[in-house]
Amino acid sequence: MIRNFLLVIIFILFCCHTFAQHPDNAARIKQLNIYQDTLKHLGVTFINDSDDVARKNANYQFIKTLKNALKIPNSFLYPFDSVKSISITNSPDNLFRIFSWHITNDDGSYRFYGAIQMNTGGNLKLYPLGDYSPLIKNPEDTVTDNSKWYGAQYYTIIPVFGVNPYYVLLGWKGNTVLSTKKVIDVLSFKNDKPVLGMSVFDGNKKQRKRVVFEYARQLSMHLKYLASQHLIVFDELAPPDIKSKNKPETYGPDMIYNGYRLKDGRWQFVENLDMRNEPNEHDEEYVDPKKQAELDKKSLKKDNQQ
């Protein structure tokens, strides 16, 4: 597995070098740099602007600009690493990458946006992700396509190879003014189309197609993948008292760690994990776009003054 990973890294570095050195690609990079600057400005607006209409208009322009940028041949190799308002997560096998981000509504809720870009080596192959969250009543029991996405902002992609390969996605999913959610989702491809959700999570009282956590908004929750142990580990969430048992917006970590361990292509629930030798930072994988956009806003202001 390490050898295959090193080969992928070498391939990416070779492609990036070739992409930069070819004369035609120099012009493409120049155009992509222009698009990136526009996306950076628009991202600052849709994260920071206090006006709801301004945020949504900036997001609309952002989507159009991103799509135009991705239409440039070989855009898959361009990292867009200056656009801090969104998450861009590559699959470890370099088959695809996912763009995902959110817009905050005036009532404190969120709407998520995203797209899956396939690595075609040339022309664009893009699957837009349409957030269908409010209409998915039982997300842990539901399989959807990309037009009915259980929206989230992803920070980890875990490949599971086998007869029917799939990818586990770890994501942050802001919810309301009272609670936050995180999600373990599954992405696979059937007949060359994305499928979201798969019945591969066993135990913890039921079999799940995806796993959803909800907890008090002012708290943090640990959800990460330990590749060396083939283990997804997370905080156990509990109410502050018996009266709050049916109020997930009051839940928080109770100092116990549970997880899902990969075995024979499926994820088996395990309880009471010993995490004393593991880092205990919360939300370390998720960079708050609003905080980053504030930094970008200051940087842009400084650039304009020079």
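Structure values in brief
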quantity	calculated
Criterion (in a strand (DSSP E or B) and out of contact with any Leu (no Cβ under 7 Å at 6 or more places or on another chain)) met by exactly one of Tyr155, Tyr127	Tyr127
Residue among Val163, Val168, Val83 that is of a type in the set (A, V, I, L, M), within 30 Å of Arg266 (Cβ to Cβ) and assigned to a loop (DSSP other than H, G, I, E, B)	Val163
The one condition in (1) small (Gly, Ala, Ser); (2) over 20 Å from Gln153 (Cβ atoms); (3) not in a helix (DSSP H, G or I) that Ala115 fails to fulfil	(2)
Matching residues, segment 207-219, being outside any strand (DSSP E or B) and within 17 Å of the chain's Cα centre (by Cα)	Arg210
Arg217 being buried (at least 17 other Cβ atoms within 10 Å of the Cβ) and either hydroxyl-bearing (Ser, Thr, Tyr) or at pLDDT 95 or above (or both)	no
Failed condition for Asn204, given (1) assigned to a strand (DSSP E or B); (2) over 23 Å from Asp81 (Cβ atoms); (3) among the polar types (S, T, N, Q)	(1)
Number of the exception - Gly130 against (1) touching a residue at least 24 places away in the same chain (Cβ under 8 Å); (2) of a type outside the set (A, V, I, L, M); (3) on the phi < 0 side of the Ramachandran plot	(1)
Pair list, Cβ < 8 Å and 6+ apart or interchain, from segment 219-245 residues that are among the aromatic types (Phe, Trp, Tyr) to residues that are crowded, with 19+ Cβ neighbours inside 10 Å and modelled with pLDDT under 95	none
When residues of segment 64-76 are limited to those that are surrounded by 15 or more Cβ atoms within 10 Å (Cβ to Cβ) and at pLDDT 95 or above, the one nearest to Leu129 (Cα to Cα)	Leu66
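The values are calculated or read from the model by the stated rules, or taken from the named source; none is laboratory data. Predicted, not measured: the structure shown is a model, and the values here were computed from it. Methodologically, a virtual Cβ is constructed for each residue, glycine included, from the backbone with ideal geometry; neighbour enumeration extends over all protein chains shown.
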